[in-house]
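Notes for the one structure printed next.
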Amino acid sequence: MAELVIRNLNKTYTKQKESIHAVKSLNLTAKDGEFIAFLGPSGCGKSTTLRMIAGLETITSGEIEIGGTVVNRLHPSKRNVGLAFENYALYPPLTVYENIAFNLRARNMPEPEIKREVDKIAELLQITPLLQMKPSALSGGQKQRVNIARAIVRKPAVLLLDEPLSHLDGKMRQSMRTELKRLHTEIRSTSIIVTHDQSEAMALADRIAIINEGVLQQYGTPLEVYNHPANEFVAGFIGEPPMNLFTVTAFTEKTGRKMFRIDGSPIEFAVPDAYRDRVIDGKPYRFGIRPGDIHIVAGSEPHTLRTRVTIFENLGEECRIHIRINDALLSLVTGENVFFQPGDPICLLFREDRIHLFDSQNGNRI
Amino acid sequence: MADIALKQVTKKYKQHTALNGVSIDIKDKEFFVIFGPAGAGKTTLLNVIAGIAVPEEGVVTMNGKVVNSIEPEDRNVAMVFENYALYPHMSVFDNIASPLRSPRYRQPESKIKEEVHRVAKILRIDWLLQRLPSELSNGQRQRVSLGRALVRSPEVFLMDEPLTHLDAKLRHQMRAEFKEMQANLNTTTIYVTHDYLEALSLGDRIAVLNEGRIEQIGTPDDIYYRPATEFVAEAFGEPEINLLTAGIVRKGGEWYLNLLGDSDHFTVPRQVKSVIEELQLETVRVGFRPKDIKYSFTDDSASMLRAAVYSFEPLGSKAILTAHAGGQLIRLIAPADLEARPDRPIYLKFNVDEAIFFDERTRRFIARAGEKGGRFVG
């Protein structure tokens, strides 16, 4: 159990004579017992950061501190971290029991104590019936459980998980995700998970660090990053189906009303009150609204957008409606029992308090 | 113009039976989805229709004629694969034109130009004709790949997981794009997928395949609201349907379900009762979709079942709440900002009127109380 502090962390390496700055001045703290996700597209530096914490990668500059001790120069085995990586790497000739016991043996723990610890962890991960089996006889999900059991049996100060669920198929991935979340509430060790799957990060983590091109974009709770994305990258990366993002230009009507027009289309709608004073006529903005924050309304209300349905999908739990705007689609999701055909007229209302506006130059939230 | 029928088709690869007595009738111009998990036999089924795989038993007919011994190139079917396989050094125009320039389908250049433009218009890529594949987005590349299949005016399209390799976000958009295009195809299409959202969204009808056998053939409405087996019920919907075993308890004239230890509050719906009576069942399996379970943190109704929060997974617009009750995990949908810390007591209300009932021994559909359905019509 320990706090993890990352200070001004940098990583550069040379690949084909080209210098790559993989992690750029990263600062963040994981509180004792917190579950943190490093989230970003492949190549963003999230795994490199995890490997620096584990001691598998050298640190170019900056500091990593675990439980008050700077670990930069400590050997991986001395850092008190538990590792569970994407590829299982269980010892094939050893039974599940022996695989889990391996690290405890290395520490010269007495045999009865090892048995007690292994049995306890096995029960927690629901793998007790598998203990005498060899890894080759296990399914992907079972292997991953053993892998996690092996990482936590040593009671590490920090548990590091690198894409532990990405090899599993859909159903198994979902149930393992639920189990992993439950497991964390039981063991309460500071945990870091690396993932490229935003729903995994949202579901599991207390806080999410969203990383792109080596730079931390935002660090916050799932609700914070979903409801108040710091920039357009975060807005587009978090949420499924993804946020609708369009370039709009502001103008003032003869009546004095401030309006947005979606570029290259005749679609216009009123600028929400909250942004009215900050929006300049003739200037482009990036406008964002989540599919769940668009309501279907009767035509009489103000601020509505009148258009026609391009595509209607019924997906059982929800319906999705898509409107073609230039080469893009405006999508909305509703749990209501609705039915539309292509070409049907529809009136939409963007929930004013759920509109996101970003600077069209630097992408930052306005 | 083509309707396709398979009658009792069996296909084996050495010891492995890939298709086992499969019968399907596909109507002219139908968009027919073949759905199943990896290894179910989906691609084999497609290959049998294409003529790439020859079945050991059964017949395949097209427009009423048996085609078992007809070569793939003589079947007038067009395959669209997961990878686009465009010629990188050729423009979009030349990629689409390539089948019409092959020795087999050769056409005069004036006719080719006409056809390429016709197809490009349908797919809304007529403004991209001079570009190279490397200058296109994934969605555009896929349309070009479709265009190349479309230009031959095949009688049947065979599509093998064309959207699978896209990430979740792109898939949402591409599925919609695809559906928009589909309206203009006007050609019998057989579409293979393991993604239930694609199946529900795109299919006129869906065949659910499992270990080489058909579990069910039906409209999206049938599949979602009246799944023939527990396998089908579990495959459609995320989070997956909650399936509970319940004994039938008779008290006077009323019948109750013994659900998670409570046998006082879940009346067997009238329509279901008659079926259970007829089949003389003592135990049933009851399926509740996550959205058909309501919850409260206070015990405000006698028909609520006490449980505890097991895990809470927020997903932005909603959350998956897993509750622990009577030794079982129950998944339901909750708002993402709910204060649902682990082990907090929670009370569940099951909507029996939306439940789907299965035979406990055969795991096959027996009844459903709700008249609901029809949501998929159209």
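Side notes on the structure shown:
- Spin-label model, A:Met133/A:Phe251: points 7 Å from Cα along the beta carbon direction are separated by 6.7 nm.
- Between segment B:248-284 and segment B:174-235, the alpha-carbon center distance in angstrom: 33 Å
- With θ taken as phi - 60° and the Karplus curve 6.51 cos²θ - 1.76 cosθ + 1.60 applied, the whole-hertz 3J(HN,Hα) list for segment B:332-340 is 9, 9, 9, x, 5, 9, 5, 8, 10 Hz, x standing for glycine and proline.
- For chain A, the longest principal axis of the C-alpha atoms and the axis of helix A:140-152 are separated by about 70°.
- With all protein chains kept in place, the per residue accessible area of chain B amounts to 43 square angstrom at a probe of 1.4 angstrom.
- Counting Cβ atoms of other protein chains within 10 Å of each Cβ in A:305-317 and taking the mean gives 6.
- Stretch gain in nm, segment A:His75-A:Glu352, where the contour uses 0.36 nm per residue and the Cα spacing is subtracted: 94.4 nm
- Virtual spin-label span in nm between B:Tyr87 and A:Arg306, 7 Å along Cα→Cβ: 5.0 nm
- Ranked by how many other beta carbons lie within 10 Å on average, peptides A:306-314, B:38-46 from highest: B:38-46, A:306-314
- ³J(HN,Hα) computed for each position of segment A:81-86 - Karplus, 6.51 cos²θ - 1.76 cosθ + 1.60, integer Hz, glycine/proline x: 10, x, 10, 9, 9, 4
- With DNA, RNA and ligands ignored, accessible area of A:Glu336 (1.4 Å probe; Å², nearest 10): 120 Å²
- The phi-based Karplus calculation (6.51 cos²θ - 1.76 cosθ + 1.60; θ = phi - 60°) puts the 3J(HN,Hα) values of segment A:156-165 at x, 5, 10, 9, 10, 10, 9, 6, x, 9 Hz, whole numbers, x for Gly and Pro.
- On Cα atoms only, tilt of A:96-106 relative to the major axis of chain A in degrees: 70 degrees
- Å² of accessible area per residue within segment A:189-334, as computed with a 1.4 Å probe and no ligands counted: 36 Å²
- For residues of A:322-333, the mean tally of beta carbons on other chains within 10 Å: 2
- Look at the dipole of chain B built from charges on Cβ: of B:Ile214, B:Leu129, B:Ala78, the Cα furthest out on the positive end belongs to B:Leu129.
- Rolling a 1.4 Å probe across the protein heavy atoms gives segment A:1-51 an accessible surface of 48 Å² per residue.
- Peptides A:231-243, A:27-39, B:248-260 ordered by average Cβ neighbours within 10 Å, highest first: A:231-243, A:27-39, B:248-260
- What the Cβ-Cβ distance of B:Arg124 and A:Thr185 gives, at R0 = 56 Å and to the nearest 0.05, is a FRET efficiency of 0.65.
- Interface residues, segment B:170-194 - accessible area loss of 20 Å² or more versus chain alone, probe 1.4 Å: B:His172, B:Gln173, B:Arg175, B:Ala176, B:Glu177, B:Lys179, B:Glu180
- The portion of the accessible surface of segment A:244-359 made up by carbon and sulfur, rounded to a whole percent, is 49 (1.4 Å probe; DNA, RNA and ligands excluded).
- Efficiency of FRET from Cβ geometry, B:Lys29 and A:Asp206, R₀ 60 Å, rounded to 0.05: 0.70
- For A:Thr221, the amide hydrogen comes within under 5 Å of the amide hydrogens of A:Ile208, counting only partners 5 or more places away or on other chains and with H modelled in the peptide plane.
- Partner shielding of A:290-299 amounts to 1, given as the average count of beta-carbon atoms from other chains within 10 Å of each residue beta-carbon.
- Carbon/sulfur fraction of accessible area - chain B, other protein chains in place, 1.4 Å, %: 48 percent
- Cross-link partners of A:Lys15 among lysines (Cα-Cα below 21 Å; sequence separation of 8 or more within a chain): A:Lys24, A:Lys46
- Helical contribution to [θ] at 222 nm, DSSP H n ≥ 4, -39,500 (n - 2.57), averaged over chain A, rounded to 500: -7000 deg cm²/dmol
- Shielded residues, segment A:185-204 - accessible-area loss of 20 Å² or more between chain alone and all protein chains, probe 1.4 Å: A:Thr185, A:Met202, A:Ala203
- Cα-based reach from B:Lys65 at 18 Å (exclusive), listing lysines while leaving out same-chain residues under 8 positions away: B:Lys7, B:Lys27, B:Lys29
- Averaging the Cα positions of each part gives two centres, and for segment B:25-88 and segment A:118-177 these lie 40 Å apart.
- Accessible area of A:Ser189 in the full protein assembly, 1.4 Å probe (Å², nearest 10): 10 Å²
- Electrostatic bookkeeping for A:Ile355 treats Lys and Arg as +1 and Asp and Glu as -1; over the other residues with beta carbon under 14 Å from its beta carbon, the sum is +3.
- Highest-first arrangement of B:350-362, A:247-259, A:7-19, B:304-316, where packing means the average Cβ count within 10 Å: B:304-316, B:350-362, A:247-259, A:7-19
- Working value for the protein assembly as shown: equivalent-ellipsoid semi-axes of 42, 37, 31 Å, each the square root of 5 times a Cα gyration tensor eigenvalue, largest first.
- Summary of the geometry: segment B:145-165 and segment B:323-354, compared by the centres of their Cα atoms, lie 44 Å apart.
- Cross-link partners of A:Lys181 among lysines (Cα-Cα below 20 Å; sequence separation of 8 or more within a chain): A:Lys31, A:Lys120, A:Lys143, A:Lys155, A:Lys171, B:Lys318
- Across q = 0.08, 0.09, 0.15 Å⁻¹, chain A modelled as identical point scatterers on its alpha-carbon atoms has Debye log10 I(q)/I(0) values of -0.53, -0.64, -1.22, in the order of the q list.
- Restricted to Cα atoms, segment B:242-368 shows a radius of gyration and a Dmax of 15.2, 48 angstrom.
- Against chain B, whose longest principal axis is taken from its Cα atoms, helix B:168-185 shows a tilt of about 60°.
- Inter-label distance for A:Glu86 and A:Gln361, nm, one decimal - labels placed 7 Å from Cα along Cα-to-Cβ: 3.8 nm
- Structure-based [θ]222 nm, chain B - -39500 (n - 2.57) summed over DSSP H runs of at least 4, per residue, nearest 500: -7500 deg cm²/dmol
- In a fully extended conformation the segment linking B:Lys65 and B:Lys251 would gain 61.0 nm over its present Cα-Cα distance, using 0.36 nm per residue.
- Chain B against chain A buries an accessible area of about 3700 Å², both chains summed, 1.4 Å probe radius.
The values are calculated or read from the model by the stated rules, or taken from the named source; none is laboratory data. Values in this document were obtained by computation on a predicted structure and should not be read as measured data. As a convention, Cβ positions derive from the backbone with ideal geometry for all residues, glycine included, and neighbour counts pool all protein chains shown. Surface accessibility is based on the protein's heavy atoms, side chains included, excluding ligands, DNA and RNA. Shrake-Rupley method; radii C 1.70, N 1.55, O 1.52, S 1.80 Å.
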